[in-house]
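Shown next, in structure tokens, is the structure this report addresses.
The values are calculated or read from the model by the stated rules, or taken from the named source; none is laboratory data. Since the structure is predicted, the reported quantities are computational estimates derived from the model, not experimental observations. To get the accessible areas, we keep the full protein, side chains included, count just its heavy atoms, and leave off ligands, DNA and RNA. Shrake-Rupley method; radii C 1.70, N 1.55, O 1.52, S 1.80 Å.
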Amino acid sequence: MDSFTYVNIFETKGLEYLLLLCFWALFVYLIRYLSTPAKKHKDSHR
């Protein structure tokens, strides 16, 4: 009947910050990947 478990919020903050950092790094990589072909595409029309 002991289904409730205590989770300390300060113990999980480190993992949350690492996940957030990875998310932002991948987001920046995705934005650069999506914007690079557009620049090359504009130069080819000249």
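Table: residues versus (1) modelled with pLDDT of 90 or more; (2) not in a helix (DSSP H, G or I); (3) not hydroxyl-bearing (S, T, Y).
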site	(1), (2), (3)
F4	no, yes, yes
F10	no, no, yes
K13	no, no, yes
L18	no, no, yes
C22	yes, no, yes
L26	yes, no, yes
S35	no, no, no
A38	no, no, yes
K42	no, no, yes
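Tally the residues that are basic (K, R) and either at positive phi or open to solvent by 90 Å² or more (accessible area, probe 1.4 Å) (or both), restricting the search to the stretch 9-36. Spell out how you get there, then give the answer.
Initially, the stretch 9-36 is screened for residues basic (K, R), giving 13, 32.
If we keep only those that are either at positive phi or open to solvent by 90 Å² or more (accessible area, probe 1.4 Å) (or both) too, we end up with 32.
Here the count works out to 1.
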